[in-house]
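Written below as structure tokens is the structure these notes are about.
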Amino acid sequence: MTDETNKTVFETIDGQPIDRDPVKQFQRWFEEAKAAGLPLPEAMTLGTATPEGKPSARMVLLKQMDERGFVFFTNYRSAKAHELDINPCASLVFFWPQLERQVRIDGKVIRTSAEESRQYFETRPRESQIGAWASNQSEVISGREVLEQRKAELEKHYLDRAVEWPKHWGGYILRPDRIEFWKGRTGRLHDRILYERELGNTWIIKRLAP
């Protein structure tokens, strides 16, 4: 798979040589998922932990990926944001069943800058902008009419002007320390290639038994 210095990679997955950089490997798979016309290839499970240590998971959307890591946006007053503020360790899972591919990502999150959050908010559809103000995410409400009434009030308030960026809404960047690529194979002898961050941007590559 690799030599002792991890400089030469002979390993393959799904019939292709793997990239020594797991982010580039992910980008390759992500673009192939989009090219295949899969519904919401950017959908990912975000796993966090409650203050009591109980696992907590939900679906979110990948909005950006660069050298910093994987970026998603949410309400900073939500349950997941509260959990991330207490314990910044998190996991992401992408699953593209039509391609028999899965990617698992572990790391720690930091918030995006206020400016980055504001800039992304301004690109959202107006209805989504209104929704960010209308919903006190994760809070108990008496009924849907609470949301509908709040939405109507906000639409009237912002009738002739742009919707302001709510400072309680913004992004997180997950910086990966561990990325695993899974490819389904016959007889359940699946491919599992694991990248673990060693120092800086140096990655150790291993093959796992399925």
Report task. Of the conditions (1) within 22 Å of Arg77 (Cβ to Cβ); (2) not in a loop (DSSP other than H, G, I, E, B), Lys167 clears all except one; give me its number. Result -> (2)
Query raised in the report: Do you know which of the residues in segment 12-56 that are aliphatic (A, V, I, L, M) and free of Cβ contacts under 8 Å to residues at least 40 places away in the same chain is least open to solvent (accessible area, probe 1.4 Å)?
Result: Ala35
**Report entry** Subset of segment 124-169 [among the β-branched types (Val, Ile, Thr) and open to solvent by less than 100 Å² (accessible area, probe 1.4 Å)]
**Finding:** Ile130, Ile141, Val146, Val163
Query raised in the report: How many residues, within segment 60-77, are open to solvent by 10 Å² or more (accessible area, probe 1.4 Å) and farther than 13 Å from Lys108 by Cα?
Result: 11
Report summary line: Picked from segment 109-123 (must be polar (S, T, N, Q) and surrounded by 16 or more Cβ atoms within 10 Å (Cβ to Cβ)), the residue farthest from Trp133 (Cα to Cα) is Thr112
Requested in this report: Can you work out which of the residues in segment 94-108 that are of a type in the set (A, V, I, L, M, F, W, C) and under 13 Å from the mean Cα position of the chain (by Cα) is surrounded by the fewest Cβ atoms within 10 Å (Cβ to Cβ)?
Outcome: Phe95
Requested in this report: Find the residue count for segment 161-202, including only residues that are under 21 Å from Val93 (Cβ atoms) and small (Gly, Ala, Ser).
Outcome: 2
**Report entry** Any chance Glu116 is within 30 Å of His190 (Cβ to Cβ) and touching a Gly at 6+ places or on another chain (Cβ under 7 Å)
**Finding:** no
Report task. Please give the number of the condition Glu127 fails out of (1) over 22 Å from Gly47 (Cβ atoms); (2) in contact with a strand residue (DSSP E or B) (Cβ under 8 Å, 6 or more places away or on another chain). Result -> (2)
Report summary line: Counting only residues that are surrounded by 16 or more Cβ atoms within 10 Å (Cβ to Cβ) and touching a residue at least 40 places away in the same chain (Cβ under 8 Å), segment 179-203 contains a total of 9
Query - Within segment 38-157, strands (runs of 3 or more DSSP E) holding 3 or more residues that are modelled with pLDDT of 95 or more - result: 43-49, 55-61, 69-75, 89-96, 101-111
Requested in this report: Inspect all residues belonging to segment 161-175 and state whether any of them is closer than 30 Å to Met65 by Cα, within 19 Å of the chain's Cα centre (by Cα) and of a type in the set (A, V, I, L, M).
Outcome: yes
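The values are calculated or read from the model by the stated rules, or taken from the named source; none is laboratory data. Just so it is clear, the model here is predicted, and its values are computed rather than measured. So basically every Cβ, Gly included, is an ideal-geometry build from the backbone, and we count neighbours across all protein chains shown. These area figures cover heavy atoms from the full protein model, side chains too; ligands, DNA and RNA do not enter into them. Shrake-Rupley method; radii C 1.70, N 1.55, O 1.52, S 1.80 Å.
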